[in-house]
Structures are given as structure tokens and as C-alpha cells.
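The values are calculated or read from the model by the stated rules, or taken from the named source; none is laboratory data. Here the structure is a predicted model, which means the values were calculated and not measured. So basically every Cβ, Gly included, is an ideal-geometry build from the backbone, and we count neighbours across all protein chains shown.
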Amino acid sequence: MTAALTDDLLDIYGALSTAFGHQHWWPAKTPFETMVGAILAQNVSWTNAAQAVRNLQDAGMLDPHRLAGADTADIARLIVPSRFYNQKAERIREFAGVYVAEFRADPAAMAAVETGALRERLLALRGLGKETADTILLYACEKPVFVVDAYTRRIFSRYGLLPEGASYDLTQRLFAENLSADVELFNDYHAQIVRLGKTVCKKSPLCDRCPVREVHGLLQCAGGRD
Ligand code: SF4
């Protein structure tokens, strides 16, 4: 852990949470809804994923046993708004089957598994990459695992805290090695990054309205320089 990096990361988080307020993620009523939502949110906006979640809910299908036993075509029909719905229907069905068979459809049983072993198990499922697996670990199982996405890479490479094109693992280590393993912090920090990436640090960044622009004059935010 590097004290200066820790300070920088905490100061950035502080500026974001002051500007945006706590983000109260994940927007779901149950851990299983979070898990399904994480799969549905792959490569699509949250608005679309949320509509697919609602469709499952309205059809009484947001249930691990029902999804595990359902026909993939029936799941696909309900999750059309999430795009790639045939693939995602298979992934959800397979995930639900494992959740029932190996964890008794009990989020506490799943969360009781050692973090590294659980991550390996999730990554072994078809179609679950690191971002989805880590989202499930953090937001459904409350494990202190930092979730990385394209916004994280973009923002922190612009800041000069990561090289351009940094890998998922390198990006994750920046946070994991320089912050305490704190579920609440990791939960809201990722949510704040998504908010910043969506609204301010876009492909063409709106630096003049960026809440982290003035954090530490020493940080070299590429987009923030005049
Ligand atoms: S100052 Fe600009 S480039 Fe830097 S994080 Fe903010 S919006 Fe992004």
C-alpha cells in the first residue's frame, strides 16, 4: 500500500461522494435479483437491463428454482430489452441451476464461500467474465472485491494513475492494494465512478464541471489540463 496513492484515491472518492451523494447501489430488492441483474447488464445500459429484470419479475420468473427449470426460449422472450437475449437466457438458466444445486438458492450459503474460491467458481460459468463475477461478489455477496469497468480504466488513466489500456487485473490492483478491503467503500466508489463516467468524464470529457478536477493539483488529469 502506498500512502500517497491511498490519499489520492480517498480524496477522489470524497470529492465524488460530496458532489453526487451516496449512490445506494445495487438497485435490487434481493441478492438473487442483483445476481441476475449483473448478467443482464452485460454490454447494455442499465435502463435496458432494468426493464428485463422487471419483465422477469412481472412474469413471476425472478426465482432461482423457476429460472433453473425454465426453457431458455421462455427466459429469452422476457429479457429481450437486455439485448443478446438468447445468450443471456442460457447464462441466467445455467447460473440459476448452479445457485440452486450448489448453494441451495441461499445467498448466505454462497457468501460463506471463501472469496477466491467463489470467484473461481463464478468465472468457470459460461459467459461470466471478471466484471460480472466481481459485481456478484461485491453487490450480492458483500465481499470486498473492487469492480472494474470501462469507466474506471478511462478515468484513472486520464488521471495518470494507470497506463492507457490498463488490464482489468492491473486496474483492480490499484484499488485493492491501496485501499482497505471495505465493502461499503468499494460499493459506493464503483457507483460514483460509473456516475462520473456517464455524466462528466465521457469520451469527450466535460472537465470544467468535473468534481475531481481540483483534487490534488499534483494529479495529472490529461483531460483536466488547460
Ligand atoms: S478532469 Fe476531465 S478527464 Fe479528468 S476525470 Fe474529470 S472529466 Fe475526466
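Things to note:
- In the set (1) under 19 Å from residue 46 (Cβ atoms); (2) at pLDDT 95 or above, residue 127 fails one condition alone, (2).
- Of the residues making up the stretch 164-180, those that are exposed (fewer than 13 other Cβ atoms within 10 Å of the Cβ) and under 12 Å from residue 2 (Cα atoms) are 177, 180.
- If you go through the stretch 13-35 and pick out every residue that is among the hydrophobic types (A, V, I, L, M, F, W, C) and outside any loop (DSSP other than H, G, I, E, B), you end up with 6.
- Flag for residue 191 being under 14 Å from residue 20 (Cα atoms), more than 8 Å from the ligand (Cβ to nearest atom) and not aromatic (Phe, Trp, Tyr): yes
- Among residues of the stretch 136-152, those that are surrounded by fewer than 22 Cβ atoms within 10 Å (Cβ to Cβ) and within 16 Å of the ligand (Cβ to nearest atom), counted: 3
- Filtered residues of the stretch 67-83 (kept if buried (at least 16 other Cβ atoms within 10 Å of the Cβ) and of a type outside the set (A, V, I, L, M)): 72, 81, 82, 83
- Condition met for residue 79 (without any contact (Cβ under 8 Å) to a residue 60 or more places away in the chain, in contact with a helix residue (DSSP H, G or I) (Cβ under 9 Å, 6 or more places away or on another chain) and hydrophobic (A, V, I, L, M, F, W, C)): yes
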